[in-house]
Amino acid sequence: MWKQTTQFSAEEDWIFASPAQIGRLPWSYPHILRLFGAASSDAGIAHVSPHAMRHTYRSWLDAVGAPLAVQQKLMRHASITTTMNIYGEVVTDEMAVATGKIARLATNGTGNSTERDSTC
């Protein structure tokens, strides 16, 4: 959708080409950091770093079954231990169910839920 709306939509263009650089370079990290800061502030979140998206990306790669060696290459890690240890494990459905129950218990005194109870 972005490629259809940006002025730099050719196949060889950067995904987020900088208008200030006439599309020759991507947006700068400080610019992205300011955008993330404004978006997180607007959403009422104290702080969100663009780096957090790398952790999300790794989780999504794992969720779609990408082999660890592929994940390492896509994330441009020199060592696979960085991919495995620093970027952690994916959150399984069972973990999400258990966490949801704990959150409900903490907020309204009941950990019961009719959603996906059979997995936890």
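The values are calculated or read from the model by the stated rules, or taken from the named source; none is laboratory data. Remember, predicted model here, so these are calculated numbers, not experimental data. FYI the Cβ positions are ideal-geometry reconstructions off the backbone, even for glycines, and counts take in every protein chain you see.
Of all residue pairs spaced 6 or more apart or on separate chains, those with beta-carbon atoms under 6 Å, a first member in the range 44-73 that is farther than 16 Å from ILE86 by Cα and a second member that is among the small types (Gly, Ala, Ser) and assigned to a helix (DSSP H, G or I) are VAL48/SER40. For TRP2, the test of being under 21 Å from the mean Cα position of the chain (by Cα), among the aromatic types (Phe, Trp, Tyr) and modelled with pLDDT of 85 or more is failed. Condition (residue is modelled with pLDDT of 90 or more and among the β-branched types (Val, Ile, Thr)) applied to the range 62-78: is it met by at least one residue? There is at least one residue in the range 62-78 that is modelled with pLDDT of 90 or more and among the β-branched types (Val, Ile, Thr). Identify the residue in the range 1-32 that is loosely packed, with under 14 Cβ neighbours inside 10 Å and aliphatic (A, V, I, L, M) and, among all such residues, is nearest to MET75 (Cα to Cα). Within the range 1-32, the match that is nearest to MET75 (Cα to Cα) is ILE15.
Conditions tested, residue by residue: (1) surrounded by 10 or more Cβ atoms within 10 Å (Cβ to Cβ); (2) among the acidic types (Asp, Glu); (3) within 27 Å of PHE36 (Cα to Cα).
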{"position": "SER49", "(1), (2), (3)": "yes, no, yes"}
{"position": "ALA52", "(1), (2), (3)": "yes, no, yes"}
{"position": "ARG58", "(1), (2), (3)": "yes, no, yes"}
{"position": "MET75", "(1), (2), (3)": "yes, no, yes"}
{"position": "SER79", "(1), (2), (3)": "yes, no, no"}
{"position": "MET84", "(1), (2), (3)": "yes, no, yes"}
{"position": "ASP93", "(1), (2), (3)": "yes, yes, no"}
{"position": "ALA96", "(1), (2), (3)": "yes, no, yes"}
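Taking the residues in the range 5-34 that are of a type in the set (Ser, Thr, Tyr) and in contact with a Ser or Thr (Cβ under 9 Å, 6 or more places away or on another chain) as candidates, determine which candidate is farthest from ALA52 (Cα to Cα). Steps first, please.
Within the range 5-34, the subset of a type in the set (Ser, Thr, Tyr) is 5-6, 9, 18, 28-29.
Right, trim to in contact with a Ser or Thr (Cβ under 9 Å, 6 or more places away or on another chain) and you get 18, 28.
On the way: SER18: 22, SER28: 17 Å.
The qualifying residue farthest from ALA52 (Cα to Cα) is SER18.
Taking the listed residues ARG76, ARG34, ARG58, the one that is under 25 Å from PHE16 (Cα atoms) and in contact with a Phe, Trp or Tyr (Cβ under 9 Å, 6 or more places away or on another chain) is ARG58, with no other qualifying.
Taking the criterion of being surrounded by 11 or more Cβ atoms within 10 Å (Cβ to Cβ) and of a type in the set (D, E, K, R), the only residue of the range 33-47 that qualifies is ARG34.
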